[in-house]
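**Q** Have a look at the structure that comes next, please.
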Amino acid sequence: MPLNSRLREIVLDVETRDSGIQASNYGGWHSGADLLDWPYQEVNTLATEFLKAGRELTSSILPAGITGNLEVKFEGGCWANVSREGNYNKVHNHPGSMWSGCYYVCTGAPEPEPKFNGWIEFQDPRPGNIYGGKERVEPEAGMLLLFPGWLNHYVNPFIGAGERISIAFNLNAEVTPDAPLTQTNKAAPTVKVPTSA
């Protein structure tokens, strides 16, 4: 995909000029949260798609009958991650955001072992749930994941050649109905979509 090829070039170029920050990453490179300010059309294209996906997901969970203006915006910026041999991300979440997202630019060439090499894993948040488990996702170039910002997640160590590059972001959303809501749902005229569980 031409967009991903160019995004890979951009991220790797910025990495050579920027020492990055330490966040949930163990090793690898984590840019600052200023990716939306990078002067590249490809970044603008990706940002537009992120907002579109956020609107679609938010719309899908709204109560029936609510119509109006849905505003989705970035919360806390957007950043790039580069992982190479042995790098991983510790368990964390993204407080203060309704949705968190991760877009995979490229995945490198992971070895067949160990199992779940470089996969992202989401933890069941319910305490004491003996039947709960983890949701594991194998990254693919071009894949976009959106999930609740409060959901704990981590990335298993990447073992293999090349680099896995992802772009992460947070979103918040707000709905302003066309008219006051009916007495049936007893909501205020302006409904803010919850930002936490």
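The values are calculated or read from the model by the stated rules, or taken from the named source; none is laboratory data. Bear in mind that the values here come from a model prediction, so they are computed numbers and not experimental data. We place every Cβ from the backbone using ideal geometry, glycine too, and count neighbours over all the protein chains shown.
**Q** Only one of these is closer than 20 Å to residue 140 by Cβ and either without any contact (Cβ under 8 Å) to a residue 40 or more places away in the chain or surrounded by 13 or more Cβ atoms within 10 Å (Cβ to Cβ) (or both): 25, 4. Name it.
**A** Of the residues listed, the single one that is closer than 20 Å to residue 140 by Cβ and either without any contact (Cβ under 8 Å) to a residue 40 or more places away in the chain or surrounded by 13 or more Cβ atoms within 10 Å (Cβ to Cβ) (or both) is 4.
**Q** Follow-up. Specify the residue that is surrounded by the fewest Cβ atoms within 10 Å (Cβ to Cβ); the eligible residues are those in the stretch 111-148 that are touching a helix residue (DSSP H, G or I) at 6+ places or on another chain (Cβ under 9 Å) and outside any loop (DSSP other than H, G, I, E, B).
**A** 144
**Q** Of all residues in the stretch 1-30 being among the aliphatic types (A, V, I, L, M) and assigned to a helix (DSSP H, G or I), which is modelled with the lowest pLDDT?
**A** 3
Matching residues to (1) buried (at least 16 other Cβ atoms within 10 Å of the Cβ); (2) part of a loop (DSSP other than H, G, I, E, B); (3) in contact with a Phe, Trp or Tyr (Cβ under 8 Å, 6 or more places away or on another chain); (4) of a type outside the set (Phe, Trp, Tyr):
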site: 71; (1), (2), (3), (4): no, no, no, yes
site: 91; (1), (2), (3), (4): no, no, yes, yes
site: 96; (1), (2), (3), (4): no, yes, no, yes
site: 101; (1), (2), (3), (4): yes, no, yes, yes
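**Q** Separate question: Kindly indicate whether any position in the stretch 32-54 is in a strand (DSSP E or B), under 23 Å from residue 147 (Cα atoms) and under 17 Å from the mean Cα position of the chain (by Cα).
**A** Among the residues of the stretch 32-54, at least one is in a strand (DSSP E or B), under 23 Å from residue 147 (Cα atoms) and under 17 Å from the mean Cα position of the chain (by Cα), which makes the answer yes.
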